[in-house]
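These notes are about the structure you will find just below.
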Amino acid sequence: MKGKRDGRLSRKARILLTAGIVAAVLLGAWFGVQAWLGYKVTELLESAPLNLDGSAYVADVRKTRVDMARRSVTLYGVSIRTQKHSHNRRNGPVPVLEASAARISASGVHFRRERDILPAGLRIRNIEVESPEILFEGIPGSGCDTCRTETTGRKLDVAIDRLAVRNATVHAGLWAGDEKNTLSVEGLDLTLRGIALDGTPAPDTLRTEQTARQAVAAARLSVRNCSYAFKNGALKIEADTLSADTETGTLSAERLALLPQYDKYQYSLRVGDHTDWVLLDVKDVAGTGVRFPYLSGEQTFRADSVGVGSVEIDSYKDRNQPQSPAFRQMLYTSVQRIPVGIDIPVIDAHNINIRYEEVSKGASVPGVVRFTDMNARVTGLTNRPREEAQQYRIYAEGYLFGGAPVTTVLSLPADSLNDRFSLRAVAGPMSATLASPVTEPIANVRIVSGDIHSVRVELSGNSLRAQSVVDMRYDDLQIAILRKNDPDRERELLTTIANGMVLHRNNPQDGKLRIGHGAFERDPQKSFWNYLWKTSFAGVSDIVM
């Protein structure tokens, strides 16, 4: 008996052994339940096609991990792709989607059942998506009979404290009829905080007196490179090193550009809509005090100020090619019709260079207008004015034709009920011969000599008709009329008549100052800048002829 007692475990040992066995069973059950839940989550995602946009997609998950202590789910090696034969080709191009992510995790997950007057609720403390890659081609399908859908009609409140996407890549080919547009995004980082989705309908207007529903408390975005090619690849918009932060109220871009993919001489031949060749390159954009629509509780994009480091604009038109029949909006009408409100008190832009080339009908050499070393300030820019008469102004100064100082003030209406604009410009002193690169190819007129002391233009009008008053003072103006088929040769008789009988060589002349008055009816198929130029030139012609 004594030996048996000596072989038995002590009471303390038995208690510890029993506790260990219980703990092992509980831990085994704990981890077993987590493994089972992970299996069920994987099975749920992979068991049937997903209905994301009316088309069917299948999911694949390499591994799922559930942590009940952290209330978290982590998916590894996630991929989603288009289900074969999920779309009827008669409805349009078959969409192709291939999406993957190295890891997707959600932690702090809490679900509240619907009870009494409270809707069901889902709260997630943190969601992270690591290195997602998305490839899409086609257009979204309009329906899918085999997709899973839920149409319970019950309201679900969703709250996410933080959603973070890191190093995302997106390539999408989007079809609109026979035209393919391509979106490419690389190095995208996105963090959203305080996401709240409660099913409340969004506002249906953009009036300033209404307050937008704020679904996201804060957002931070950075993109290494983004591009969008449209018109079947003929034009591309590019953005480099783009970033925005709602908490600091900052917005910046190293470069924003509109880039034609054909040279200016081939563009009009290759692009079927006969629009002008335009290149725009903007660098070093920085905004402060920025409030983004629908993220700031407002429906208007606001900023205390925006600065631009440099702007290059190059435009080309060949009137020997078929011209676009499309109606061209006035500059201020385009601003008024932007669907999002804009309110920016000050925009400063530096180092602006503008080049406009136009080949007249029957000619082969373009006329060239250049503005160089321009600095501009826009004040009071808005399309949600408080008063009907409210205007915003563009102040600019620099050089015309590469050597003539010029200062302009352009006042534009902010309200769509107001259709009045005005321009004041002062230029000179300059040599009149600087304008020959414009007059020779367009009008077959070479300016031989002339000193322009000053030019003052007062212009006002609306979208139909404008008037100009011009004060231009000059001496010894002489021209040469050129042969149309041989621009290097002068038409001597016409030149003699023009200089001796038609042209006023000086202003003032014989002590009398001539003030030019001109009027011009707008061609709705030509640009706003063409309208300003032609109206101003009508006043100049009234002085010199």
Handout entry: Two-site label geometry, V426 and N232: point separation in nm, points 7 Å out along Cα→Cβ
Key = 5.1 nm
Fill in the blank from the handout: In order over region 335-344: 3J(HN,Hα) from phi, Karplus 6.51/-1.76/1.60, θ = phi - 60°, whole Hz, x for each Gly or Pro, gives 5, 4, 8, 4, x, 9, x, 10, 8, 10
Exercise for the section: Compute, for E357, the solvent-accessible surface of its heavy atoms (probe 1.4 Å) with the complete set of protein chains present, and express it in square angstrom to the nearest 10. Expected result: 10 Å²
Fill in the blank from the handout: A 1.4 Å probe over the protein heavy atoms gives region 335-380 a carbon and sulfur accessible-area percentage of 60 percent
Exercise for the section: With an 8 Å cut-off on Cα pairs and a minimum separation of 6 or more residues, tell me the relative contact order of region 273-335 in percent. Expected result: 40 percent
Practice task
Using θ = phi - 60° and the Karplus relation 6.51 cos²θ - 1.76 cosθ + 1.60, list the HN-Hα couplings for region 385-393 in order, rounded to whole Hz, with x at every Gly or Pro.
Solution key: x, 7, 10, 5, 7, 5, 10, 10, 10
Exercise for the section: Would you check the accessible area of I237, probe 1.4 Å, heavy atoms only, in square angstrom rounded to 10? Expected result: 80 Å²
Practice task
For the pairs K283/K317; K283/K484; K63/K236; K63/K180, note any where the Cα-Cα span goes beyond 30 Å.
Solution key: K283/K484; K63/K236; K63/K180
Problem - Accessible surface of region 442-503 [probe 1.4 Å, protein heavy atoms]: carbon and sulfur percent - result: 50 percent
Exercise for the section: Rounded to whole Hz and in sequence order, give me ³J(HN,Hα) for region 490-506 from the Karplus expression 6.51 cos²θ - 1.76 cosθ + 1.60, θ = phi - 60°, writing x for Gly and Pro. Expected result: 9, 8, 5, 5, 5, 5, 5, 5, 5, 6, x, 10, 9, 7, 7, 6, 9
Handout entry: Cα centroid of region 154-176 to Cα centroid of region 390-469, whole Å
Key = 48 Å
Problem - Check: region 387-447 dipole with +1 on Lys, Arg Cβ and -1 on Asp, Glu Cβ, in debye - result: 320 debye
Exercise for the section: Keeping all protein chains in position, work out how much accessible area D373 exposes to a 1.4 Å probe, and write it in Å² to the nearest 10. Expected result: 100 Å²
Problem - Percentage, to the nearest whole number, of Cα pairs in region 418-542 over 24 Å apart - result: 34 percent
Fill in the blank from the handout: Listed by chain and number, the residues whose amide H is under 5 Å from that of D419, excluding neighbours fewer than 5 places away on the same chain and using placed H, are none
Fill in the blank from the handout: region 269-369, convex hull of Cα, quarter of hull surface, nm² -> 8.7 nm²
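The values are calculated or read from the model by the stated rules, or taken from the named source; none is laboratory data. Everything quoted here is computed from the prediction, not taken from an experiment. Don't worry about glycine lacking a Cβ; one is built from the backbone with ideal geometry, like all the others, and counts go over all protein chains shown. Just the protein is used for accessible areas: all its heavy atoms, side chains included, with ligands, DNA and RNA removed. Shrake-Rupley method; radii C 1.70, N 1.55, O 1.52, S 1.80 Å.
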